[in-house]
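Colleague: After the structure tokens below, expect a handful of questions from me.
The values are calculated or read from the model by the stated rules, or taken from the named source; none is laboratory data. All values derive from a computational prediction rather than experimental measurement. When we count neighbours, we look across all protein chains shown, and the Cβ atoms used for this are built from the backbone with ideal geometry, even at glycine. Areas reflect the complete protein model, heavy atoms only, side chains present, ligands, DNA and RNA absent. Shrake-Rupley method; radii C 1.70, N 1.55, O 1.52, S 1.80 Å.
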Amino acid sequence: MKIILILIVLTTFAFASDNGCTDTGISSNPPVSGSNSVTLTVINDWVQTNQVLGLDVWEDGTDVYVLGTDRTNQQVLAYEDGAIAAVLPLYATNTNCFGIAFNNNVDTEVYHTNDWVLSDLYYTEDFGSNWATITNPAGSSGRGMDFDGTDYWSTNADGGGIWRFQPGAAQENLSIPEVPTQPSGLAVFPYNGNIGIAITTYNTHNIYFYQWDGSSLDYMAATACPVAVSSSAGLAYSETDGCLYWSYSDGSNYHLTQLSMSITALQRSSWGSIKASF
């Protein structure tokens with residue numbers, strides 16, 4: 001019995017250390033060709049001493065704060081130019097947090113987080129003083145999350161595509177067969193009047209791009225991560241500066257990276273015009 005308990009503890013520790021990654025494989029096949037080409041260029045790369053998972057962006061048109069979860073210290077950290085500017089404490093039972101999603105409303109802020117062991121979505125409307133839970137449509141498989149102004153999105157780390165949902169209400173699962181290994185981060189962004197979606201994976205070092213037109217999800221392209229990585233951990237997009245933010249581990253430290261993004265025929269739109277297109 002003692003040996004079994006030790007094995008359980010060691011297994012749980014390893015699972016937590018890998019931030020919920022259970023996929024040990026790396027795809028050796030080249031990414032599937034799409035109808036677009038994507039170029040990512042590193043603008044800034046900030047080395048961090050803590051975990052930087054999930055990612056989202058808080059912005060008001062002037063200021064940009066990148067939000068990243070730190071499961072080890074049970075908190076969400078807000079970064080300004082790579083430096084920690086604010087801390088949001090997580091709920092006590094949210095001990096394996098990965099994703100963070102902000103509701104894009106600076107006047108009435110709501111934050112959602114998920115957990116890679118529990119099938120709950122946690123949310124707070126008073127910056128962490130009180131938390132409540134609802135069922136996560138992705139179960140404990142949810143990782144990176146984002147909000148497009150109408151719907152929430154989440155990767156599904158068990159190979160189940162991605163989820164589009166309203167917390168506690170409507171939900172839809174969408175297939176992403178071009179992504180060969182376990183997804184991690186997810187970011188949404190305006191694209192040609194539609195919603196662009198970028199997805200990264202723990203182990204296969206590409207970033208995959210799709211677009212959602214309100215009824216169907218279409219694959220656009222994949223591009224290699226712009227620097228060598230051990231694993232990718234998060235993605236977010238800022239409409240204020242038009243940049244993609246990406247977090248990754250180099251095997252020793254986490255990095256928070258600002259990327260310029262160029263997609264063939266990219267036309268930047270506002271969230272208002274996207275919502276009006278539905």
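Colleague: Leaving ligands and nucleic acids out of the surface, order 118, 67 by accessible area at 1.4 Å, largest first. Please report the intermediate quantities before stating the final value.
Modeller: Details: 118 65, 67 10 Å².
Accessible-area ranking of 118, 67, largest first: 118, 67.
Colleague: What percent do you get for the relative contact order of the stretch 83-127 when only Cα pairs under 8 Å and 6+ apart count?
Modeller: 33 percent
Colleague: Highest GNM mean-square fluctuation, the chain, Cα pairs closer than 10 Å: which of 201, 49, 22?
Modeller: Looking only at 201, 49, 22, the biggest GNM fluctuation is shown by 49.
Colleague: Something else now. Compute the distance in nm between two label points, each set 7 Å from the Cα along the Cα-to-Cβ direction, one at residue 62 and one at residue 240.
Modeller: Inter-label distance under the simple model: 1.0 nm.
Colleague: At a 1.4 Å probe radius, carbon and sulfur cover how many percent of the accessible area of the stretch 170-261? Spell out each step's value before the answer.
Modeller: Working: 970 of 2490 Å².
On the stretch 170-261, the fraction of accessible area on carbon and sulfur atoms equals 39 percent.
Colleague: Quick one: accessible area per residue over the chain, 1.4 Å probe, rounded to a whole number of Å²? The partial results should precede the final answer.
Modeller: Values: 11630 Å² over 278 residues.
Here the per-residue accessible area is 42 Å².
Colleague: In a solvent-free Debye calculation with one equal scatterer on each Cα, what is log10 I(q)/I(0) for the stretch 10-154 at q = 0.13, 0.16 Å⁻¹, listed in the order of the q values?
Modeller: With one equal scatterer per Cα and no solvent, log10 I(q)/I(0) is -0.65, -0.94.
Colleague: I'd like the Karplus ³J(HN,Hα) series for the stretch 80-85: coefficients 6.51, -1.76, 1.60, θ = phi - 60°, whole numbers in Hz, and an x wherever there's a Gly or Pro.
Modeller: 3J(HN,Hα) across the stretch 80-85, in whole Hz: 10, 6, x, 9, 5, 10.
Colleague: If the label point is 7 Å along Cα→Cβ of residue 218, which residues in the stretch 25-51 have backbone nitrogen under 16 Å from it?
Modeller: Within reach of a label on residue 218: 33-38.
Colleague: Once phi is turned into ³J(HN,Hα) by the Karplus curve 6.51 cos²θ - 1.76 cosθ + 1.60 with θ = phi - 60°, what whole-Hz value does each residue of the stretch 56-71 show in order, with x for glycine and proline?
Modeller: 7, 10, 9, 8, 10, x, 10, 8, 10, 10, 8, 9, x, 8, 10, 4
Colleague: Short version: what are the Cα gyration tensor semi-axes of the chain, square root of 5 times each eigenvalue, largest first, in whole Å?
Modeller: Details: eigenvalues 139, 96, 72 Å².
Here the semi-axes work out to 26, 22, 19 Å.
Colleague: Also, I was wondering about something else. On a C-alpha basis, how far is the centre of the stretch 107-130 from the centre of the stretch 30-63 in Å? Whole number, if you could?
Modeller: Spelled out, the Cα-based centre of one part sits 23 Å from the other.
Colleague: Using Cα pairs closer than 8 Å and at least 6 residues apart in sequence, work out the relative contact order for the chain, in percent. Working shown, then result.
Modeller: Working: 735 pairs, mean separation 56.5, N = 278.
Relative contact order, the chain: 20 percent.
Colleague: So what's the Cα pair-distance distribution over the stretch 111-215, bin width 10 Å, in %?
Modeller: Cα pair-distance distribution for the stretch 111-215, in percent: 15, 48, 30, 6, 0.
Colleague: Given the convex hull of the Cα atoms of the stretch 163-204, what is a quarter of its surface area in nm²?
Modeller: Details: hull surface 15.3 nm².
Dividing the Cα hull surface by four gives the mean projection, 3.8 nm².
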